[in-house]
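Data first, discussion second: the structure below is written as structure tokens.
The values are calculated or read from the model by the stated rules, or taken from the named source; none is laboratory data. Being a predicted model, the structure only gives us computed values, none of them experimental. Glycine also receives a Cβ, built like all others from the backbone with ideal geometry; neighbour counts cover every protein chain displayed. Remember, those area values only see protein heavy atoms, side chains included, never the ligands or the DNA or RNA. Shrake-Rupley method; radii C 1.70, N 1.55, O 1.52, S 1.80 Å.
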Amino acid sequence: MHPNLMALTTAHSSPTDPRPGMAPRVLRSGALRLCLAALMGGGLLSSCSFRIRPEKAYFDGSITDPQHANAWNVKRRFDSAKARDDRTNRFLVAEFKEDGQPHLKAQLSTAVQEIQSFSPRTVLLYVHGWHNDSSPDCGEAKGKDMQDLDGLVHRMVEAKMGRVLAIYVAWRGESLDGLLKWGTLTGRRRTAREIGKSAELQKFLGDVAEAGKQQGANVVFAGHSLGGALLEKTAALMIKDTAPGDDRRLPHLFLLANSAEVAFVSKDQIKTVNESKLVTQQPTDTRLLAPRVLAVTSTQDTANRVLQPLNNYLLHPVATLSYLRHELFANTIGFDRSTRTHDVKKTGEVQPARPLPDAELRALQYKLSLQPTLDPAFWVPNKQHRLSKYRIVPKADGERTAGFWNIASPGSIATGHNDVYGDKFLAAGVSWFRMLNHNYPDLPDDLPAVLERLKKELREHPPGSPGYEEERRPYRTQWTMGAALRMPYNVTTFDLLLRELENSDTHIINELDTKRTGPDDYAAMVLSHRVHLFSILKHTHSAPKVWDSSPELRTRLAALMEKEPLRDALARSGAAESGKSAETDKNLKAFYKFLRQRSIRTP
């Protein structure tokens, strides 16, 4: 056998990858399968023009590396004609071998030292995917992946996100040059997992997170494609080994963009994250939930939607022929609904009132994305050159968790597998990170604080006051939706909402200047407060097990629904947003159904 072919066979076969899977419908014809296999196999083997790429370091780890000095902001290889202010960002590289060991430990120590001396506002560690490494000639576009990340860093600075330090984590994502490289996906994914398990990599990532947090920076670890598979493995292991209350060596967020990990592997790692001691909720938790790991896949990610199942099917024909009716084998995490934890719903809100040029629209998207809010929502440009609002909503039958969230994003955010460096994805990413609100001390972070903030809002801006309807509505909406979609579902939170409703006519007056507030004004405030409470409570129809576990809660809810003013407030909780959010209307109808099933009176 030709030595290159022998190397290819040993480097890219994966006995552990085959799993039962459903082949795409177009591939279920036996004749078509044979033709595709023959065409691909014949095309690959007929090409003798290929070369095994070396596994080596391309950066020497020093600040003055002359070959790739752009990584240290001394000279820009990719955009040398355009002057840039190096005081606003840093771009570093950390290269790892296939066994998970660093090529040069100096690269790792230098990266940590730069964080400590540069004091960035954001630390972005990025793991690249298939067909990439840190060399200038890698991939179809010759190093474009690193160039794109470099451009993303500068757009972050231009969007007023402060000083940014980026670390490009490189590995041999491209093992062959030539046509045969298209047959290496399975082997490269296996390699990515092995690197992800490396203790050296986990230690480096922990050092980066700890150094960034000590500087007060936002710390995000992102992985794209097979880099997402690598980082998913690392995240699961790091979170599993982290004790509650001691997350200083974890980033604020692991972000997996169009991850190419197959769903049967992700399923185990999602379970590892969600059952870890760090993430597991206590029965009395009231803190609003936000993800430790967020996997986002564009619905227009053709590579994962089509090419990934095709690769699995052709490289493992025996497994796929034997198990045609099992879906997990053929799908990545983004296209497998059994691993989906949240849905993305369009709310119906659109800004601004008129279409805008691209530059102005992009600026508005950044402005809205950077606003502190509890609402798990984000804005996406639409075909009418305006912004549509989308909201991340827990699946009705899913478990609420602060661990691993897996969502499918609108295709307009990323129009292809590699379209993760643009302004649209960046602005949406800022919104997703904003849910963590660790750097927004003025925002409430648990249900009791949200309820207090709503009452304070009513006292300072009562119904009928200037700006109540237009200017203040977004604040009330983001607090109620943040609580409704992010609060833990347990007896403690349900009891808190019921107690607030039971005492809704006295809770506001305790801190109210009654001499300046007439009875009609006060009645309007009480009604508004009740509407806010029901705007949260009506979402609990998706947690019947919690209600049914406590007869006392059901009895108290039934007693409240016997009172006409409270039934009126419940009805208004839907009418207040009717026509703006189909999701809200559906929740109100579902809550009515929930009440009727338990013989509780409805409006």
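Starting with the highest mean, order 535-542, 415-422 by the number of other Cβ atoms within 10 Å, averaged over the residues of each peptide.
Order by mean packing, descending: 535-542, 415-422.
Quick one: which of LYS213/LYS456; LYS160/LYS213; LYS389/LYS456; LYS240/LYS271 span more than 22 angstrom between C-alpha atoms?
LYS213/LYS456; LYS389/LYS456
Show me 251-263, 358-370 ranked by packing, highest mean number of other Cβ atoms within 10 Å first.
Averaged packing, sorted descending, gives the order 251-263, 358-370.
Cα-based Rg of the stretch 421-468 per 2.2 N^0.38 Å, rounded to two decimals?
1.61
Using a 1.4 angstrom probe on the protein heavy atoms only, could you order GLU502, GLU552, GLU114 from most to least accessible area?
From most exposed to least exposed: GLU552, GLU502, GLU114.
So how do 180-193, 458-471 stack up, highest first, on mean other-Cβ count within 10 Å?
Ranked by mean Cβ neighbours within 10 Å, highest first: 180-193, 458-471.
In a shell of Cβ-Cβ distance under 14 Å around PHE404, excluding PHE404 itself, what net charge do Lys and Arg (+1) and Asp and Glu (-1) give?
Value of the local net charge: +2.
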